[in-house]
Amino acid sequence: MTSATVSRIEAGPQPALENCYHCGESVPAGTHLSLHIDGQERAMCCPGCRAVAQLICDNDLAHFYQQRTAYNDRPTSEQGNTDDYRIYDDPEVLKTFSEANANGEQVAYFLLGGVTCAACTWLIEHSLNRCAGVISACVNLQQSKLSVCFQPEHIQVRQIFSEVRALGYQVRPFQQHAQREQLARENRDELRRLGVAGLGMMQVGMFAIALHAGDLQGIDHNHQGLLRWTSLLVASFVVLYASRPFFINAWRHALRRTLVMDLPVSLAIGLAWLASVFATLTGSGQVYFDSVVMFTFFLLLGRFLERKARLDQDTGWLQAQDALPDAVSVRKGNHWATLPRTDVAVGDQILIAAGDAVPIDALVSKGRSAVREDAFNGEHQPRTVAEGDTVFAGTINIESSLQARVLCTYRDSRLAELQRSIDRGQAHKPALVRLADRVASWFIAAILLISMITWLIWHQLAPEQAFWITLSVLVISCPCALALATPAALASAAGALRRRGIIIRTEDALESLSQSRHIIFDKTGTLTKAELAIDRVVTLGNCPERQVLAIAAALQAHSRHPISKAFKSLTMANGVDQVHYNVGAGLQGKQGNKTYRMGSESFCRVLAPNLPPAPSTDLYWVALCGDRQPLAWIGLCDKLRPEATDTVRQSIADGFSVELLTGDSSGNGALLAHNLGLHHYACGLSPEQKMAHVKALQQSGTVVTMVGDGLNDAPVLSLADVSFAVADAADLARAQADFVLYGDDLNLIHVAHEKARQCRRVMRQNISWALTYNACAIPLAAMGFVPPWLAAVGMSASSLFVVLNSLRLNRENNSGAGQVDHG
């Protein structure tokens with residue numbers, strides 16, 4: 001437990017702490033507030049900061065101060081009185097930003113303000129997770145979104161508001177329009193800064209051309225002074241407005257002795273501007289206002305493009321959710337009533353008009369139409385749906401009206417799962433990104449050291465050039481390209497896969513998938529559709545095969561057993577009625593005076609004692625007999641996915657060692673492996689045996705990819721280095737998988753593998769470029785061959801190259817398809 005003691009310093013010598021330990025702001029004169037944290041007296045600027053710091057330490061969360069990379073906003077004097085948020089406990093108000101899950105717990109969503117770094121998310125999550133009644137709390141830093149699962153009987157939502165507010169953060173109910181407003185406001189601020197820098201660059205550049213021409217051809221001293229003073233005014237506005245975020249971030253981190261790339265940026269901009277101001281005031285030397293504004297513009301442009309590329313990947317599901325109708329037509333008795341979408345219950349019959357978005361996952365009960373599902377699988381070709389088919393929230397009904405029965409709440413819909421998958425993926429910081437962050441901080445320290453050495457050497461050789469050469473080193477070596485190398489590539493690859501119907505739950509999985517060379521498939525529901533189909537019919541009497549199947553179809557029409565689906569498309573015999581289902585045995589019905597039975601051998605042998613044994617093949621056999629007359633054995637098989645063969649062959653062509661593991665103890669697994677050309681397979685395995693097999697492979701150094709769908713696959717999916725859950729997989733399987741295939745196509749595994757390898761190549765290119773650029777550019781700048789304005793262009797071009805190279809991952813087809821990357 002970290003000790004924290006509050007003290008008010010009344011007299012005597014004061015420690016030289018001029019900035020608030022909590023928010024980083026200057027401590028006002030005459031304010032003597034402090035807090036004893038980690039054995040040291042920490043100055044506080046106001047009672048609000050002291051109260052928040054005391055709260056953090058009392059909850060044993062003082063580690064927050066060691067891991068944060070940015071300061072918090074100064075809290076207001078009022079620390080979140082619960083009465084201020086009582087209105088949100090009203091059930092109708094709470095419903096607008098929360099939902100109940102299957103366990104009766106409430107999941108509420110909040111929009112945060114003042115969250116600046118990963119340490120903020122850590123603090124909020126740990127503080128809330130300590131509260132009684134809170135099941136889990138998760139902050140999405142990029143979206144400034146907090147998700148809290150809690151038990152309403154143990155904690156009220158107003159207490160969650162108060163807890164977050166007491167930590168010094170702004171909090172309000174999460175609404176899509178509020179988030180869009182916040183994103184739009186931030187985007188407008190960035191565009192304004194970029195616009196100011198761009199206009200300033202054009203204006204100052206125009207004056208710089210005149211000044212440089214005057215240096216060559218001669219220029220009147222008064223005209224030179226006028227151009228310099230005009231450039232100073234324009235450049236000063238750019239520095240003070242457009243560059244302000246760089247200075248603020250660098251200063252706050254410097255106070256914490258943390259190196260970030262905004263530090264060399266701020267030094268370069270500030271020193272060049274100050275030197276140019278001095279030259280203007282004294283009328284001596286050179287001015288580099290054009291380099292200052294050019295550097296600012298290109299740096300802002302690079303960051304703006306990178307942020308836009310990342311946000312573009314995350315807005316697809318938002319657009320689909322925005323398309324959901326607010327009102328839904330629901331059948332009430334003999335009429336249709338219009339209800340809010342949030343009031344629609346499971347089992348309600350809804351009407352989906354042509355051209356409308358499907359409001360919730362539902363089973364079509366009447367009508368035939370086509371729905372466009374590009375929100376899930378990226379395919380604009382619509383899917384034909386009819387009675388018995390499922391339609392999903394966020395898809396568009398494009399042909400004719402449908403009546404459908406609601407299957408679930410919005411929280412359990414595919415669209416909501418897509419949203420949660422994206423949120424979880426963004427909450428996790430990939431290992432490559434963390435490594436790049438650490439490398440960048442060491443790189444910045446090296447830059448500062450090199451700059452100091454450069455200045456010392458040139459100060460001895462040519463003092464008049466020392467400053468400008470050192471400035472060029474600072475500018476040209478800015479590690480923006482290195483910092484963008486991995487996140488820009490990962491964001492582009494993840495966005496491209498989402499458009500194809502592949503959701504990445506952790507971006508680390510892309511790196512693991514690119515290195516995997518061993519893939520394991522489950523059988524039932526993965527390579528097969530878990531739907532029985534008729535494979536063979538062995539007739540036993542004079543009854544022709546067509547009549548046998550017609551009688552079987554008429555009997556199975558009265559069954560809900562999975563076997564009945566195999567006979568659904570067949571023509572039924574007329575006059576078959578009085579059908580009864582005998583649990584665990586089969587069906588019995590009549591056609592006129594004749595009795596028929598269909599089912600197990602023992603069940604049918606009662607009616608036809610001379611029924612021969614089932615054929616000895618690897619099929620699931622069902623007997624059909626009439627009065628004392630065996631009619632046929634019907635062999636059923638688990639229907640293979642149409643793309644399964646191509647998927648397995650492509651995986652082998654991609655360099656994978658392919659294996660089949662199944663819990664099916666019949667001969668179907670071996671038969672399927674033989675048909676697919678697989679030499680490595682195991683049947684009749686329990687989940688524990690599958691996990692033991694995967695562990696053995698991993699211990700031998702193999703990076704294992706697992707593909708499954710069922711509840712029994714969840715443990716091995718979690719254990720594998722990379723895992724895929726196929727379409728219609730169990731919820732638990734999807735929760736454990738790294739990739740979820742929302743497109744009903746196993747070939748998407750190949751798509752993901754190719755994109756992962758391409759992403760790895762692009763990241764290598766980005767990192768290689770960034771390091772090579774700096775390795776070449778820094779020595780040239782240190783030797784005086786690169787003026788500051790050219791250094792600004794080079795640095796910005798390096799960052800833009802990384803961003804644009806990463807955006808190549810958005811292309812549907814990549815040139816590396818079909819080539820095995822052994823790197």
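The values are calculated or read from the model by the stated rules, or taken from the named source; none is laboratory data. The structure presented is a predicted model; accordingly, all values stated were derived computationally and were not measured. So basically every Cβ, Gly included, is an ideal-geometry build from the backbone, and we count neighbours across all protein chains shown. Heavy atoms of the whole protein, side chains included, go into the accessibility calculation; ligands, DNA and RNA do not. Shrake-Rupley method; radii C 1.70, N 1.55, O 1.52, S 1.80 Å.
For this structure, a couple of remarks:
- Net charge of Cβ neighbours under 12 Å - reference Leu640; Lys, Arg +1; Asp, Glu -1: -1
- Per-pair calculated FRET efficiency, R0 = 56 Å: Ala653 and Cys149 via Cβ, rounded to 0.05: 0.80
- The slack in the chain from Met206 to Asn810, taken as 0.36 nm per residue of separation less the alpha-carbon distance, amounts to 213.7 nm.
- Once the Cα gyration tensor of the stretch 518-560 is diagonalised, semi-axes √(5λ) in Å: 32, 15, 6
- Nitroxide proxy distance, nm - points 7 Å out along Cα→Cβ at Gln578 and Gln515: 7.0 nm
- Estimated Rh, the stretch 588-701: Kirkwood, alpha-carbon pairs, angstrom: 17.3 Å
- Working note: Karplus 6.51/-1.76/1.60 with θ = phi - 60° gives the stretch 601-607 the couplings 4, 5, 5, 6, 5, 4, 8 Hz, where Gly and Pro are set to x.
- Taking 0.36 nm per residue of sequence separation and removing the Cα-Cα distance, the Cys776/Leu363 pair yields an extension gain of 142.4 nm.
- In this calculation the C-beta distance from Glu464 to His32 is compared with R0 = 60 Å, giving a FRET efficiency of 0.80.
- Rounded percent of accessible protein surface that carbon and sulfur make up, the stretch 540-669, 1.4 Å probe: 49 percent
- Net charge of the neighbourhood of Tyr596, taken over other residues with C-beta under 15 Å away and scored Lys/Arg +1, Asp/Glu -1, is +3.
- Inter-label distance, nm, simple model (7 Å from Cα along the C-beta direction), Thr539/Lys594: 1.3 nm
- Alpha-carbon centroids, the stretch 382-397 and the stretch 632-648: separation in whole Å: 25 Å
- Cross-link pairs beyond the 22 Å C-alpha cut-off, checked among Lys590/Lys639; Lys332/Lys565; Lys366/Lys590; Lys95/Lys145; Lys523/Lys565: Lys590/Lys639; Lys332/Lys565; Lys366/Lys590
- Linear extension gain, Ala696 paired with Leu570, 0.36 nm per residue minus alpha-carbon span: 40.6 nm
- Tyr620/Asp343 FRET efficiency (R0 45 Å; Cβ-Cβ; nearest 0.05): 0.50
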